[in-house]
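Visitor: Got a structure for you, written out below as structure tokens; questions coming shortly.
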Amino acid sequence: MTTELILFFSLALIAIITGLGLLISKNAIYAALYLVLNFFTIAIFYLLLGGAFIAMAQVSVYAGAIMVLFLFVIMILGAEKLGKSNTVAWQRPVAIILSIILLIEAGYVLFWRTAPVQAAQTLPDGFGGPASIGNVLLNNYLLPFEITSVLLLVAMIGAIVLTHKQKTDKEV
Amino acid sequence: MFGSINTSMILAILPEIMLFILAGFVFVFDLVWDDSQRRNLGWISAGGFSLIIMISLMLGTPGSDSGLVWGGMLRHDWLGFAFKMLFLFGATITALFAMDVEDLGKKGEFYLLLIFSTLGMTLMASSSNLIMLYLSIEATSLPLYILAGFFKDDDKSTEAGFKYFLFGAMASAIMLYGFSLLYGFSGTTDLDAIAGVIKAGGMNPVLLVGTLLMILVGFGFKISAVPFHFWAPDVYEGAPTVVAGFLSTASKAAGFTVLIRVLLTSYAPASDTWMMVLAIISTLTMTLGNTLALAQKNIKRLLAYSSIAHAGYILIGVVAISELGITGSIFYIIVYLITNLAAFGIVSVVGRITGSDEISAYDGLSRRSPWLGLAMLVVFLSLAGMPPFGGFIVKVLVLASAVKAKLFWLAFVGILNSIIGLYYYLIVLKHVYLYRSENEQVEIPVTRPYAIGLIVLTIGIILLGVVISPWFNVSTIAAKVLF
Amino acid sequence: MIPTTYYIVLSALLFTIGALGVLIRRNAIIIFMAIELMLNAANLAFVAFTRMYGIIDGQVFVFFVMTVAAAEVAVGLALIVAIFRTKHNIDIDQLNNLKG
């Protein structure tokens, strides 16, 4: 049991526990905080996997921007106190059965049909750093990069269109 | 990369560049004009789209070499190009129809979202890389979520937008996971390279089916195939009617484009595996769409279930995995786009004047407005598959391709479903022509842009059924790319 | 070296938890958070595969997915706020104006 394996399993445990916390938490703010913790854990996984830039992006975009937006909206809507969360009676067991089936299949496929895949032993220098990603981004993936600008513009327009309160003559 | 941008690459994305410029124009004019003039943004958008179609046809048609451009992201071929022109045409008509809708036609944001969604669709049509595919699917869907919920003070519209968003986000998350497994087990994000890996047997068949099913969740959502169709009736009913028209035609056609491309490029070596799955989906989709349409009292929901059924018919052509089958599907998509846009256009104007979307509101339409009644006759008979309209020819084509591929049971199911479909289309026409209502003398005014749009569409439906060869040739050239 | 398989299993587990969340929960915001968890599971799979192949393309895909997720969150939360304004309730079982 090398330190890496111990590190991996403890982080994996934290990731799964926080995921389950999101699943069963009755309070929306706790659920959001569990998710933030989950994102941090995944960011550390990215560091382990040699994706330094992506780890930074995960922390600043996901945990930093997206979750903050979620928390804002939860606060604005006052949704932190949820009512009795009894779901429709038949949905819960069906969902759990389906997920168990899914997991069994995933485990079967991955463990018994294929040998565990080993990672490439050596990585090129600066792999996962901003320079290597930027290089590929602006050479091969130039067109998708430009399209993301459209996507973000659409998101801005949408957010304003859907929530902008027009001053009508009826309102004083 | 910057040093190696040459003319062929620019010409390959000529429609997209021009769409950007059009968006810029709409932005500027929306800023400069005041409320009374803002309706003209519709003319600018519609005129801009038509101009883009003409310039692309002159300058940007793909040659006989269908090469990868922009670092392997896009493939400039006739399949993509034909669909691009189709999407632009659909957007033109939608802009024309929307010009006089309250709260929609005067908002610059509507036209902008329409332009950006069309931009995403044109990119979807020629994507040849998983990354470009995912981005363009999202770039198409995001404006559509907003457009569905555009009437933010209307209960139904916000609910429709939200339901569409929730289903769409979940379907695309599942699809993305499928993409990740596909990338992981084949080592590349390029669609053709993945085909190479599958052909060389580099992928476990269980994994193949698994990733295919997950990707089909995403695509099935966009084409509203069973069992991913649950969003369609609610969203079509709640969204603004012109938006529902655009959703049910252009967005569905875009979904079919990527479905055809991915299945027949990447998964082509494994076609025996997915043929049966897709055939079952097609059967369920046709049957469910037709049977549930029988019980509808609201015409938008009826049209929603009818479009679900038509997605099933189009899938018959894809299941046949032959050149005739894909030709039939592409031709069907063209006819379906024109017909359904006209249907929703008529519903939009009648709904606005009578204030109701129930079928009973159409009683005596033929007496109130004979031309609208006639348009409705043409549209619904074409949807039912009656000659001499476009709907007949394309149904024959897809059923013929199924027979040719020895899928006799599928063709039989298709014919049965067409008969069921005929029933509910004729019921609506019965309301239009045979029933009377007290409002018979109240006229239904149509404005000029709307009239232009509807006339173009109606003539198109008749034309596609009578003068078949130009459209058939285009569909054949587009289908040849895949074989 | 940690085998890539372990990462894929973890990603499958997280994806399943997210999918369960979408199916079981009724609060619209929590459903949306579960969808984000699903997206992250896919991202983890991508980065793990990138490590395996040693080619950076998977991480670029993750970069794009993050951008898309950010845009989606903006639009989705705007839609939720719009619904809340008309219904004062974000329980999805109450969204039944459009049934039947």
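Visitor: For the condition modelled with pLDDT of 85 or more, touching a strand residue (DSSP E or B) at 6+ places or on another chain (Cβ under 8 Å) and closer than 16 Å to B:Pro15 by Cβ, what is the one hit in B:Leu74, B:Leu57, B:Leu88? Reasoning before the result, please.
Guide: Numbers: B:Leu57 fails: touching a strand residue (DSSP E or B) at 6+ places or on another chain (Cβ under 8 Å); B:Leu88 fails: touching a strand residue (DSSP E or B) at 6+ places or on another chain (Cβ under 8 Å).
Every option except B:Leu74 fails the conditions.
Okay, residues lined up against (1) surrounded by 24 or more Cβ atoms within 10 Å (Cβ to Cβ); (2) of a type outside the set (Ser, Thr, Tyr):
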{"site": "B:Ile137", "(1), (2)": "yes, yes"}
{"site": "B:Asp153", "(1), (2)": "no, yes"}
{"site": "B:Phe162", "(1), (2)": "yes, yes"}
{"site": "B:Ser180", "(1), (2)": "yes, no"}
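Visitor: Got a sec? Which helices (runs of 4 or more DSSP H) wholly within the stretch B:358-477 have at least 3 residues that are in contact with a helix residue (DSSP H, G or I) (Cβ under 7 Å, 6 or more places away or on another chain)?
Guide: B:370-384, B:390-404, B:408-433, B:448-466
Visitor: Does at least one position in the stretch B:36-50 carry a residue that is within 21 Å of B:Ser136 (Cβ to Cβ) and either of a type in the set (Gly, Ala, Ser) or without any contact (Cβ under 8 Å) to a residue 40 or more places away in the chain (or both)?
Guide: Keep residues of the stretch B:36-50 that are within 21 Å of B:Ser136 (Cβ to Cβ), which gives B:45, B:48-49.
Retained after the next criterion (residues that are either of a type in the set (Gly, Ala, Ser) or without any contact (Cβ under 8 Å) to a residue 40 or more places away in the chain (or both)): B:45, B:48.
Among the residues of the stretch B:36-50, at least one is within 21 Å of B:Ser136 (Cβ to Cβ) and either of a type in the set (Gly, Ala, Ser) or without any contact (Cβ under 8 Å) to a residue 40 or more places away in the chain (or both), which makes the answer yes.
Visitor: Pull up the stretch C:4-33, narrow it to residues that are of a type in the set (A, V, I, L, M) and at the interface with chain B (Cβ under 9 Å from one of its Cβ atoms), then point me to the one that is farthest from B:Ile131 (Cα to Cα). Outline the logic, then answer.
Guide: Filtering the stretch C:4-33 down to residues of a type in the set (A, V, I, L, M) leaves C:8-10, C:12-14, C:17, C:19-20, C:22-24, C:28-31, C:33.
After this cut, where a residue has to be at the interface with chain B (Cβ under 9 Å from one of its Cβ atoms) as well, the list is C:8, C:12, C:19, C:22, C:28, C:31.
Numbers: C:Ile8: 20, C:Ala12: 21, C:Ala19: 23, C:Val22: 25, C:Ala28: 29, C:Ile31: 26 Å.
Out of the qualifying residues, it is C:Ala28.
Visitor: Okay, moving on. Please enumerate the residues belonging to the stretch A:18-32 that are surrounded by 17 or more Cβ atoms within 10 Å (Cβ to Cβ) and either outside the structural domain of A:Phe70 (by TED's automatic domain parsing) or out of contact with any strand residue (DSSP E or B) (no Cβ under 8 Å at 6 or more places or on another chain) (or both). Working first, answer last.
Guide: Keep residues of the stretch A:18-32 that are surrounded by 17 or more Cβ atoms within 10 Å (Cβ to Cβ), which gives A:18-19, A:21-23, A:25, A:28, A:31-32.
The answer is A:Thr18, A:Gly19, A:Gly21, A:Leu22, A:Leu23, A:Ser25, A:Ala31, A:Ala32.
Visitor: Look through the stretch B:428-454, keep the residues that are without any contact (Cβ under 8 Å) to a residue 12 or more places away in the chain and surrounded by 13 or more Cβ atoms within 10 Å (Cβ to Cβ), and return whichever of them is farthest from B:Gly385 (Cα to Cα). Working first, answer last.
Guide: If we filter the stretch B:428-454 for residues that are without any contact (Cβ under 8 Å) to a residue 12 or more places away in the chain, which is where we start, we get B:430, B:434, B:438, B:448, B:451.
Narrowing the set further to residues that are surrounded by 13 or more Cβ atoms within 10 Å (Cβ to Cβ) leaves B:430, B:451.
Values: B:Lys430: 17, B:Ala451: 25 Å.
Filtering first and then ranking leaves B:Ala451.
Visitor: Shifting gears a bit: Could you please let me know if C:Ala12 is under 17 Å from A:Ile44 (Cβ atoms) and among the aliphatic types (A, V, I, L, M)?
Guide: Spelling it out, it is not the case that C:Ala12 is under 17 Å from A:Ile44 (Cβ atoms) and among the aliphatic types (A, V, I, L, M).
Visitor: Shifting gears a bit: Which ones in the stretch B:140-163 are polar (S, T, N, Q) and facing another protein chain (nearest Cβ under 8 Å)?
Guide: B:Thr158
Visitor: Among the residues in the stretch A:2-9, are any at pLDDT below 90, facing chain C (nearest Cβ under 7 Å) and assigned to a helix (DSSP H, G or I)?
Guide: Among the residues of the stretch A:2-9, at least one is at pLDDT below 90, facing chain C (nearest Cβ under 7 Å) and assigned to a helix (DSSP H, G or I), which makes the answer yes.
Visitor: What residue, of B:Ser45, B:Ser50, is buried (at least 20 other Cβ atoms within 10 Å of the Cβ) and modelled with pLDDT of 85 or more? Quick ask: steps written out before the conclusion?
Guide: Working: B:Ser50 fails: buried (at least 20 other Cβ atoms within 10 Å of the Cβ).
Criteria check complete, one pass: B:Ser45.
Visitor: Checking the conditions here, which among B:Trp231, B:Trp274 is out of contact with any strand residue (DSSP E or B) (no Cβ under 9 Å at 6 or more places or on another chain), over 20 Å from B:Ile330 (Cβ atoms) and in contact (Cβ under 8 Å) with a residue 24 or more places away in the chain? Before the answer, list the steps.
Guide: Details: B:Trp274 fails: over 20 Å from B:Ile330 (Cβ atoms).
Result: B:Trp231 is the single residue among B:Trp231, B:Trp274 that is out of contact with any strand residue (DSSP E or B) (no Cβ under 9 Å at 6 or more places or on another chain), over 20 Å from B:Ile330 (Cβ atoms) and in contact (Cβ under 8 Å) with a residue 24 or more places away in the chain.
Visitor: Specify which of the listed residues (B:Gly210, B:Gly218, B:Gly187, B:Gly178) is at positive phi and either in contact with a Gly (Cβ under 8 Å, 6 or more places away or on another chain) or at pLDDT below 90 (or both).
Guide: Details: B:Gly210 fails: at positive phi; B:Gly218 fails: at positive phi; B:Gly178 fails: at positive phi.
Going through B:Gly210, B:Gly218, B:Gly187, B:Gly178 in turn, just one is at positive phi and either in contact with a Gly (Cβ under 8 Å, 6 or more places away or on another chain) or at pLDDT below 90 (or both): B:Gly187.
Visitor: Is it the case that C:Phe64 is touching a Ser or Thr at 6+ places or on another chain (Cβ under 9 Å) and in contact (Cβ under 8 Å) with a residue 12 or more places away in the chain? Let's see the steps before the verdict.
Guide: Numbers: touching a Ser or Thr at 6+ places or on another chain (Cβ under 9 Å): yes; in contact (Cβ under 8 Å) with a residue 12 or more places away in the chain: no.
Spelling it out, it is not the case that C:Phe64 is touching a Ser or Thr at 6+ places or on another chain (Cβ under 9 Å) and in contact (Cβ under 8 Å) with a residue 12 or more places away in the chain.
Visitor: While we're on this one: Within the stretch C:34-59, how many residues are in contact with a Phe, Trp or Tyr (Cβ under 9 Å, 6 or more places away or on another chain), more than 7 Å from chain B (Cβ to nearest Cβ) and farther than 20 Å from A:Ala12 by Cβ?
Guide: Counting residues in the stretch C:34-59 that are in contact with a Phe, Trp or Tyr (Cβ under 9 Å, 6 or more places away or on another chain), more than 7 Å from chain B (Cβ to nearest Cβ) and farther than 20 Å from A:Ala12 by Cβ gives 3.
Visitor: In this structure, does B:Ile194 turn out to be crowded, with 24+ Cβ neighbours inside 10 Å and at pLDDT below 90? Even if it seems obvious, please write down each step before you answer.
Guide: Numbers: crowded, with 24+ Cβ neighbours inside 10 Å: yes; at pLDDT below 90: yes.
Yes, satisfied.
Visitor: Related question: Only residues that are touching a residue at least 60 places away in the same chain (Cβ under 8 Å) and on the phi > 0 side of the Ramachandran plot: list them for the stretch B:358-409, please.
Guide: Once the filter is applied, which keeps residues that are touching a residue at least 60 places away in the same chain (Cβ under 8 Å) and on the phi > 0 side of the Ramachandran plot, the stretch B:358-409 yields only B:Gly364.
The values are calculated or read from the model by the stated rules, or taken from the named source; none is laboratory data. Since we're looking at a predicted model, the values are computed, not measured. Note that we place each Cβ from the backbone using ideal geometry, even for glycine, and neighbour counts take in every protein chain shown.
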